[in-house]
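A quick write-up on the structure given underneath.
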Amino acid sequence: MYAVLDVRNLRKVYDKIVAVDDLTFAVPGGAVLGLLGGNGAGKTTTISMLLGLLVPTSGQIRILGEDMLRHRFRVLPRMNLSSPYVDLPHRLTARQNLTVYGRLYGVPDLARRIDALAGQLDLVDHLDRPFGHLSSGQKTRVTLAKALVNTPSVLLLDEPTASLDPDTADWVRTLLKDYQRQTGATILLASHNMQEVERLCDDVILMQTGRVFDRGSPAELIARFGRESMEEVFLDMARGRGRSIEALRKVEAVR
Amino acid sequence: MTTAAAASGSPLTRVAALVLRHWYILRGSWLRILELAYWPAVQMVMWGFLSEFLARQTSYVAQAFGVLLSGMLLWDVLVRGQLGLSISFLEEMWSRNLGHLFASPLRPIEFAAGIVTMSLIRTVVGMVPVTILTIAFFGFSIYSLGWPLLVFFFALQMFGWGVGLAISGMVLRKGLGAETFAWAAVFILLPVSGVYYPIAVLPAWLQPVAWALPPAYVFEGMRAVLANHAVRPELLAGALALSVVYLVLGFGCFMWLFNGARRKGLLSTQGE
């Protein structure tokens, strides 16, 4: 099947620190891939490289068939990002921020698109308030609206429900699932939230210190680790109780 | 609902979007608009009174009353050009917005064009009222320089943009610790720019440095118009040509530092 996201042997080294090491994965169109790992696992670094914000030390990235290292501007209009690590201008209202980004992405009929997103994300009463005056949950929803303003084919979400209360987080997950179903968008989701990963992701890459620790669907990973939830799988990886995919391959090779 | 099928939006639309982002900020605060004219106005009053005093003492100023005021106003065109661009860039740094901007279809050259346009807007909004006040207070109009004023204006603006782009790249690469340069860098050129005195006054070894910079051509050209009523085309051409060279160099410097920031992962981490 045609891979919308095709990443091969991706590596990023800062001075002597290896942030991402030999990362390879492919995501078919319409799938949701989760990047799961603790702090410093390389999730945000990977997303930054996919968007061209960060130049890899080596490796290849193809998105929607284009080489991102050489032709990223052919693909960026069809991508978007939501991240708690990148802010929007605080003095601009939510509507002004969405207008600016809608125009940057060349969104047609922008006013209607903003109104529709405000309705979906429960932002109607907050559109004309400065972004800096919003609560952290409202800010997260505005950032999500910005990420959806161009109806992206490839959506990169870095901890999309950070700062949201459980009810709103659940509601946002439903929205993202609906968006993916309605548009056939391909989503890459980096998260610490295991419920989110279990609910949204078709496939999960477990990352540890920049490397792939294991990969599979949430059900496969839970079965392989002999656990009952992704949270337990994550804790096994984090506490060194699970075996990495490399270690498993070595065992299989010996057999 | 379907996803975006193809790249849409033109370079001009994206530049206009960035200008709109900064225009929202500017129009939202009368203090920011006032600030644009505040310092030029204070300087204009001070140099205006000094000119009136000197006009009674020296025949040079008496014959060309506006020479100091014009020098001050044109110097501020350069300062506003550089500062206007740097402030627009710093706004993006302060708001930690660069990651979103450069993950969008906005290309670095479009980003530069956007902040250059904002610099032009800031300069015009700040300087035009001050030139009108100069007429009202001291009876001197800088517009008496005639069409060469347009050449002086754009030469100084372009040079300011070149310096501003280089400094913006440095702030991006080195972080907000280098912010002070954005406010003060251009003033190091003041002694060799010939704003208030001819380049010939400088020591012989320093004069080649002055002539390697566009302001020397602008201010010598300005004095030629005001004191001798002569337009010197070679000075206008030199000012424009050198300004274009410095603008290209400034953009090259910005791109070099921008690419370094992309390698270091600074686009999504820089901020307060």
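Bear in mind these aren't lab numbers, they're just calculated from the coordinates by the rules spelled out. Here the structure is a predicted model, which means the values were calculated and not measured. Every residue, glycine as well, gets a Cβ built from its backbone with ideal geometry; the counts of neighbours run over all protein chains shown.
Taking a ≥ b ≥ c as the square roots of the Cα gyration tensor eigenvalues, segment A:147-213 comes out oblate, since a/c reaches at least 1.5 and a/b does not exceed b/c.
Estimated purely from DSSP H runs of n ≥ 4, each contributing -39500 (n - 2.57), the mean residue ellipticity at 222 nm for chain A is -12000 deg cm²/dmol once divided by its residues. Over 29 Å between Cα atoms: which of A:146/B:264; A:12/A:139; A:177/B:264 fall into that group? In this structure, A:12/A:139; A:177/B:264 exceed 29 Å between Cα atoms.
Here the dipole of segment A:62-144 is about 300 debye; that uses its Cα centre as origin and unit charges on the Cβ of Lys and Arg (positive) and Asp and Glu (negative). Once both labels are positioned 7 Å from their Cα atoms along Cα-to-Cβ, the gap between residue A:223 and residue A:17 label points is 3.9 nm. If you take all other residues with their beta carbon under 14 Å from the beta carbon of residue A:106, and give Lys and Arg +1 and Asp and Glu -1, the sum is +4.
Can you give me the angle between helix B:233-264 and the longest principal axis of chain B, using Cα atoms only, in degrees from 0 to 90, rounded to the nearest 10? Orientation of helix B:233-264: about 30 degrees from the principal axis.
How big is the dipole moment of segment B:53-176 about its Cα centre under a simple scheme where the beta carbon of each Lys and Arg is +1, that of each Asp and Glu is -1, and everything else is neutral? Debye, nearest 20, please. Don't skip to the answer; put the middle values down first.
Details: 7 positive and 4 negative charges, 37 e Å.
Dipole about the Cα centre, nearest 20: 180 debye.
In a reduced charge model with +1 at each Lys and Arg Cβ and -1 at each Asp and Glu Cβ, segment A:3-254 shows a dipole moment near 780 debye about its Cα centre. Relative to the dominant Cα principal axis of chain B, helix B:214-228 is inclined by about 30°. Is the shape of the protein assembly as shown best called rounded, prolate or oblate, per the rule: a/c under 1.5 gives rounded, else a/b larger than b/c gives prolate, else oblate, with a ≥ b ≥ c the square roots of the Cα gyration tensor eigenvalues? The shape class here is prolate. The C-alpha atoms of chain A define a longest principal axis, and helix A:94-104 lies at about 70 degrees to it. When the charge dipole of the protein assembly as shown is built from unit charges on Cβ atoms (+1 for Lys and Arg, -1 for Asp and Glu) and taken about the Cα centre, the candidate among B:228, A:100, B:62 whose Cα reaches farthest toward its positive end is B:228. Taking amide H positions as modeled 1.01 Å from N, with prolines and chain starts lacking one, no residue 5 or more places away or on another chain lies under 5 Å from residue A:164.
Annotation: for a label point projected 7 angstrom from Cα along Cα→Cβ of residue B:52, residues of segment B:137-153 with backbone N closer than 14 Å are B:137-140.
Prolate is the label for segment A:3-254, because a/c, from the alpha-carbon gyration tensor with a ≥ b ≥ c as root eigenvalues, is 1.5 or above and a/b exceeds b/c.
Each distinct pair of alpha carbons in chain B adds a 1/r term; the inverse of their mean, the Kirkwood radius, is 19.8 Å. Rounded to the nearest 0.05, the FRET efficiency derived from the C-beta distance between residue B:135 and residue A:90 at R0 = 41 Å is 0.55.
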